Amino acid sequence: MLLINNTNTNAYFNLAMEEYFLKNTTEDIFMMHPILSSII
């Protein structure tokens, strides 16, 4: 299992990073990042 502890608060970057890992890896992923109020 791959653990990603992301401290970036940019919601668009975090969504793009999630999509990248979902499309480009077959490993199980546990991803943590701070959640700020966002409307996307």
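Quick note: the coordinates plus some simple rules give every number you see, no bench work behind them. Owing to the predicted nature of the structure, the values given are computational and were not obtained by experimental measurement. Neighbour counts run over all protein chains shown; Cβ positions are idealised from the backbone, glycine included.
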For the chain, what is the relative contact order in percent, using Cα pairs closer than 8 Å and at least 6 residues apart in sequence? 64
Could you tell me the extents of the chain's C-alpha atoms along the three principal axes, largest first, rounded to whole Å? 30, 17, 11
Taking 0.36 nm per residue of separation and subtracting the Cα-Cα distance, what length does fully extending L15 through E27 add? 2.5 nm
Taking H as built 1.01 Å from N, whose amide H comes closer than 5 Å to the amide H of I29, not counting residues under 5 places away? L2
Please sort by residue number the GluC sites (Glu not before Pro) in the chain whose DSSP state is loop and whose Cβ has at most 15 other Cβ atoms within 10 Å. E27
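If r is the Cβ-Cβ distance from I39 to L3 and R0 is 25 Å, what FRET efficiency results, to the nearest 0.05?
Numbers: r = 29 Å, r/R0 = 1.14.
Here the calculated transfer efficiency is 0.30.
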